[in-house]
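All remarks here apply to the structure that follows.
The values are calculated or read from the model by the stated rules, or taken from the named source; none is laboratory data. Because the structure is a prediction, the values reported are computed rather than measured. No Cβ is skipped: glycine too gets one built from the backbone with ideal geometry, and neighbour counts run over all protein chains shown.
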Amino acid sequence: MTEFDPTPTSDETQRRWQTGTDTFGRVYDVILGVTSPTAYAEIAELADCSPNAAKKHLDRLTEMGIVRAERDSRPATYERNEGYLEWQDASRIATDLAVEEIINRVEALESQRTEYEAQFGTTDPTAVNVFDHGDHETIHERMTAVGEWQGVIRDIRLYELARQLSQNDGHLLPA
């Protein structure tokens with residue numbers, strides 16, 4: 001019997017990348033997983049390509065609005081554009097749901113937001129001190145509630161954007 005090794009070998013990683021994914025696709029996949037500004041050479045390493053190829057594709061993704069570049073830093077760094085990802089999510093919602101369903105969802109989310117605001121006595125979840133209670137269980141419950149509250153606020157933003165897209169034939173503003 002062989003031992004299980006969860007860490008793939010570089011050959012396994014290379015085969016995974018090579019199966020149906022070109023260099024642009026690998027760079028795209030890597031940048032969507034990056035959560036902070038990252039040097040293009042590091043992205044190249046993760047995407048299993050040359051630094052020049054990564055930089056070329058990252059510049060293209062920057063032109064498309066998917067990536068934000070900080071070219072003044074040395075070396076140049078790149079990060080995903082959260083606004084693009086939100087627009088993409090909202091566009092999916094607008095495609096999948098009717099305007100009435102979106103409006104109903106926003107109303108339900110706003111009701112949830114109001115409940116959280118009443119529970120914590122503020123309209124800003126970042127103003128809540130979750131550690132002002134001594135026992136671990138209460139702290140955990142408050143952390144969970146604040147996280148869910150922030151998710152509700154994000155969802156309201158997404159569904160509102162989706163409503164605008166639906167009502168304006170895919171545009172944010174009426175044509």
Considering every residue within segment 125-141, establish whether at least one is polar (S, T, N, Q), without any contact (Cβ under 8 Å) to a residue 60 or more places away in the chain and closer than 19 Å to Gln167 by Cα. no
Of all residues in segment 1-33 being polar (S, T, N, Q) and at pLDDT 75 or above, the one that is nearest to Glu70 (Cα to Cα): Thr23
Has segment 61-76 got at least one residue that is part of a helix (DSSP H, G or I), modelled with pLDDT of 95 or more and in contact with a helix residue (DSSP H, G or I) (Cβ under 7 Å, 6 or more places away or on another chain)? yes
Which numbered condition in (1) farther than 30 Å from Thr38 by Cβ; (2) basic (Lys, Arg); (3) assigned by TED's automatic domain parsing to the domain that holds Gly25 is the only one that Arg105 fails? (3)
Filter segment 94-105 down to residues that are part of a helix (DSSP H, G or I) and surrounded by fewer than 18 Cβ atoms within 10 Å (Cβ to Cβ) and give me whichever is farthest from the chain's Cα centre (by Cα). Glu100
Would you call Glu117 assigned to a helix (DSSP H, G or I), loosely packed, with under 13 Cβ neighbours inside 10 Å, acidic (Asp, Glu) and without any contact (Cβ under 8 Å) to a residue 24 or more places away in the chain? no
Regarding Leu85, is this residue under 26 Å from Leu165 (Cβ atoms) and in a helix (DSSP H, G or I)? yes
Among Ser91, Ser36, the single one that is at pLDDT below 95, surrounded by 13 or more Cβ atoms within 10 Å (Cβ to Cβ) and within 29 Å of Glu160 (Cα to Cα) is Ser91
Limited to segment 37-58, what total is found for residues that are part of a loop (DSSP other than H, G, I, E, B) and either more than 21 Å from the chain's Cα centre (by Cα) or over 14 Å from Pro75 (Cα atoms) (or both)? 3
